[in-house]
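The values are calculated or read from the model by the stated rules, or taken from the named source; none is laboratory data. Just so it is clear, the model here is predicted, and its values are computed rather than measured. Neighbour counts are summed over all protein chains in view; Cβ atoms, including those assigned to glycine, are modelled from backbone coordinates with ideal geometry.
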Amino acid sequence: MTMISRKSIGLKLCSWNANGILNKISEFKIFVEKHSPDLALIQETHLRPHHNINIPNYNCYRNDRIGDGIARGGTLILVKKNISHHNIPTPPLITLKPQW
């Protein structure tokens, strides 16, 4: 996990390529509790829509990616509840597909 702290604007950002977050969620919650990032950007969550992720004091925004019945990819953004923000839903991207 990478922690970037910008004291000049007072914003802490965490970015992490989880390569599947479910089996690491306890460790991630400890990391968030210890470092208290304002924003956490998680890639490769491998979550399915029925998985629940709840981090106390954070709003959670997810884009799960299911392909061929398999959870792969996916992103999760955590924003501290005391930070004013607006969610702009991601539209479905029909013509844009990642190249593997």
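Scanning the range 59-75 for residues that are part of a loop (DSSP other than H, G, I, E, B) and either of a type in the set (Lys, Arg) or closer than 19 Å to Asn17 by Cα (or both), which turns out modelled with the lowest pLDDT?
Across the range 59-75, the extreme among qualifying residues is Arg72.
Look at Leu11 and say whether it is of a type outside the set (D, E, K, R), at pLDDT below 95, surrounded by fewer than 16 Cβ atoms within 10 Å (Cβ to Cβ) and closer than 18 Å to Ser84 by Cβ.
Against the criterion (of a type outside the set (D, E, K, R), at pLDDT below 95, surrounded by fewer than 16 Cβ atoms within 10 Å (Cβ to Cβ) and closer than 18 Å to Ser84 by Cβ), Leu11 qualifies.
Quick one: would you say Leu41 is among the hydrophobic types (A, V, I, L, M, F, W, C), surrounded by fewer than 17 Cβ atoms within 10 Å (Cβ to Cβ), under 13 Å from the mean Cα position of the chain (by Cα) and at pLDDT below 95?
It is false that Leu41 is among the hydrophobic types (A, V, I, L, M, F, W, C), surrounded by fewer than 17 Cβ atoms within 10 Å (Cβ to Cβ), under 13 Å from the mean Cα position of the chain (by Cα) and at pLDDT below 95.
Would you confirm whether any residue within the range 76-98 is in contact with a Gly (Cβ under 7 Å, 6 or more places away or on another chain), part of a strand (DSSP E or B) and of a type outside the set (Phe, Trp, Tyr)?
No; the residues of the range 76-98 include none that is in contact with a Gly (Cβ under 7 Å, 6 or more places away or on another chain), part of a strand (DSSP E or B) and of a type outside the set (Phe, Trp, Tyr).
For Ile30, which of the numbered conditions (1) assigned to a loop (DSSP other than H, G, I, E, B); (2) surrounded by fewer than 14 Cβ atoms within 10 Å (Cβ to Cβ); (3) of a type in the set (A, V, I, L, M) fails to hold?
Condition not satisfied by Ile30: (1).
Sort out which residues of the range 55-89 are among the polar types (S, T, N, Q), surrounded by 10 or more Cβ atoms within 10 Å (Cβ to Cβ) and more than 12 Å from the chain's Cα centre (by Cα), and write them in order of number.
If the condition is that a residue be among the polar types (S, T, N, Q), surrounded by 10 or more Cβ atoms within 10 Å (Cβ to Cβ) and more than 12 Å from the chain's Cα centre (by Cα), then Asn57 is the only one that fits.
Would you check which residues across the range 33-58 are under 20 Å from Pro91 (Cβ atoms) and outside any loop (DSSP other than H, G, I, E, B) and list them?
Leu41, Gln43
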